[in-house]
1. Between residue 59 and residue 155, what is 0.36 nm times their sequence separation minus the Cα-Cα distance? Round to one decimal in nm.
2. Tell me whether region 78-124 comes out rounded, prolate or oblate; compute the Cα gyration tensor, take square roots of the eigenvalues as a ≥ b ≥ c, and use a/c under 1.5 as the rounded threshold.
Amino acid sequence: MKRLLIFYFLFPSIILGGHIIHERIYDAPYQHPCQIKAFLDINKEDIHRFSLLYRPQGNKEYMEKTMILVGESMYISEIPAEFMRRDKIEYYLLLELSQQREVTFPPIDAKYNPIVISIDISKKDSQKNQSKDFDIIGLTPSIIIISPQPGERIRKSDFVIAL
């Protein structure tokens, strides 16, 4: 009985329902993907979509990535390495339920007050010459290809070039 009470005190969302359990990420290494993990205490049938929304600090628009179920209630997604080149990245989690209800993490005003990750740029200079995505030694790329990922196919109607 005591174990059950302790469990409910540690995870109050079980009593209240509909919450995202996530440990905030405050810092991450330069130019490495940042893995985001979260747990849900909701039946899978009630979930319409679960997404990670992220952007470089200062941008207005968020990029969206689907959170992928990897266990009973654990979901994982990642912020790509290409985005981990700025000083700070902002993100939040959005859970859309089948009753057209939305739950976010952080729970209060997540879109305008997201979680901020500080990028550790102390390793930037040591990684500058280790560009794996660019073949010409001595030259660094001046563009970043966000989409499509290598090997990914897209339709002509979805093709857009933005500078």
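Since every read-out is calculated from the coordinates, none of them should be taken as a lab result. This structure is a prediction, so every number in the text was calculated from the model and none was measured.
1. 31.8 nm
2. Note, shape of region 78-124 comes out prolate.
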